[in-house]
Amino acid sequence: MPAHYNVLFLCTGNSARSIMAEAILNAKERPAFTAYSAGSHPTGTVRPEALRELQRTGIPTTNLRSKSWEEFSKPGAPQMDFVFTVCDNAAIEVCPVWPGHPMTAHWGIPDPAAVKGTQEEVQKAFRDALFLLDRRISLFLCLPHATIDKLSLKKELDGIAHQ
């Protein structure tokens, strides 16, 4: 496995969960990992609640934008080593064929944007999503990427979704 890894987080709208995952991973381990996010049907905007939660925890939000996964399947795009779906809709959609055949896993995270209720209830949903993503990304970063074989690593990635 390479010493540097590109990671793509996918969700349908690319407005909250995948954006938060991109920001979390880039804030944690930028030298060894570069995170990106995209959506199958991007909304074109990032949810302000997601940005507020990231900022609340001190995670930079500059340059975060909602974009299509087609951006990463074109010639000249960064080659991905890992692709994670973080919402249920993206997990069942037919994904593009990614150059280099990256490892994939599904980390289903409840959609905070779907929560209807008080401002406090919506804020809690975004905070919970951020917490779950942060936990799974932290576990992912603990894996011995450079020394573990692909089959074992795939099992570990799938196991993280249940943490």
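The values are calculated or read from the model by the stated rules, or taken from the named source; none is laboratory data. Note that the coordinates shown come from a computational prediction; the quantities given were computed from them, not determined experimentally. Cβ placement follows ideal geometry from the backbone for every residue including glycine, while neighbour counts extend to all protein chains displayed.
Data table
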read-out: Checking W69 against (1) among the aromatic types (F, W, Y); (2) touching a helix residue (DSSP H, G or I) at 6+ places or on another chain (Cβ under 8 Å); (3) modelled with pLDDT of 85 or more, the condition it does not meet; value: (2)
read-out: Residues (modelled with pLDDT of 95 or more and among the acidic types (D, E)) located in the range 3-41; value: E22
read-out: All positions within the range 23-53 that are of a type outside the set (G, A, S), in contact with a Leu (Cβ under 7 Å, 6 or more places away or on another chain) and in contact (Cβ under 8 Å) with a residue 40 or more places away in the chain; value: I24, K28, E29, F33, Y36, E53
read-out: Selection count, the range 1-33, where residues are within 11 Å of the chain's Cα centre (by Cα) and more than 20 Å from A113 (Cα to Cα); value: 4
read-out: Residue list for the range 54-67, restricted to those being of a type in the set (S, T, N, Q) and without any contact (Cβ under 8 Å) to a residue 60 or more places away in the chain; value: Q55, T61, T62, N63, S66
